[in-house]
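Okay, so here's the structure we're looking at.
Every number in this text was worked out from the coordinates using simple rules, so none of it is lab data. As the structure is a computational prediction, the values presented were derived from the model and not from experiment. A quick note on method: Cβ atoms are made from the backbone with ideal geometry, for glycine too, and the neighbour counts reach across all protein chains shown.
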Amino acid sequence: MSEKEKMRNGQLAKVTDSEILSDLTRAKALIAKINAMYLGLPDLRATLEELLPNIHATAKVNPPFFCDYGYNIELGEHVFINFNCVILDGAPVKIGHHTLLGPSVQIYTPQHPMDYLERRESFESAYPVTIGDDCWIGGGAIICPGVTIGNRCIIGAGSVVTKDVPDDSLAVGNPAVIKRKLT
């Protein structure tokens, strides 16, 4: 199994592997190009589609935008990602239809080892993040590795989501806690 396959499957992977570094370098070049563009520029959409091959035609991403690889990100219909969002996509990140991400939302899939010697050797694993349909993720929220947020949820601005959030929930705080069910 390649280091890239290990990373995408939640196993410890050497992130200094040449294939991983090549993918990272490619993405960073595209990100630099995207972040130098302004909304409405015709080349912006084409470059976004090159970085994010799993972006729906109706999804919108406002630069600046940052990610690790791009190909692990799936954006559904009418997804809106506001300015300055970060998606570290060592593992798959799926964002459902009609979901809105406020400015400076951060989604993390990488997890560094607890053992400091493994960290020194550039090992990490990554766990998928899934956000359902019709969600609103408030500005500055952080979604941690392995979290699933159900459909029709609201995550309050500045919240840190460390655990799964069931459908139709309002979650806020650090760490985020479910305050109530949404009707």
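So the values come out like this:
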{"read-out": "Residue match in segment 36-47 (condition: surrounded by 21 or more Cβ atoms within 10 Å (Cβ to Cβ) and more than 13 Å from the chain's Cα centre (by Cα))", "value": "no"}
{"read-out": "Number of positions in segment 107-157 that are farther than 25 Å from residue 77 by Cα and in a loop (DSSP other than H, G, I, E, B)", "value": "6"}
{"read-out": "Matching residues in segment 11-31 - criterion: being touching a residue at least 40 places away in the same chain (Cβ under 8 Å) and within 17 Å of the chain's Cα centre (by Cα)", "value": "23, 24, 27, 30"}
{"read-out": "Scope segment 88-126; condition more than 22 Å from residue 51 (Cβ to Cβ) and touching a residue at least 60 places away in the same chain (Cβ under 8 Å); matching residues", "value": "113, 118, 121, 122, 123, 125"}
{"read-out": "Within segment 89-121, considering residues that are of a type in the set (A, V, I, L, M, F, W, C) and surrounded by 20 or more Cβ atoms within 10 Å (Cβ to Cβ), the one nearest to residue 159 (Cα to Cα)", "value": "105"}
{"read-out": "Number of the exception - residue 133 against (1) buried (at least 17 other Cβ atoms within 10 Å of the Cβ); (2) of a type outside the set (Ser, Thr, Tyr); (3) without any contact (Cβ under 8 Å) to a residue 40 or more places away in the chain; (4) more than 23 Å from residue 6 (Cα to Cα)", "value": "(3)"}
{"read-out": "Residues being of a type outside the set (Val, Ile, Thr) and closer than 22 Å to residue 8 by Cα - total across segment 90-115", "value": "13"}
{"read-out": "Whichever residue in segment 1-11 is surrounded by 17 or more Cβ atoms within 10 Å (Cβ to Cβ) and not small (Gly, Ala, Ser) and, among such residues, is farthest from residue 129 (Cα to Cα)", "value": "3"}
{"read-out": "Residue tally, condition under 23 Å from residue 97 (Cα atoms) and acidic (Asp, Glu), over segment 23-69", "value": "3"}
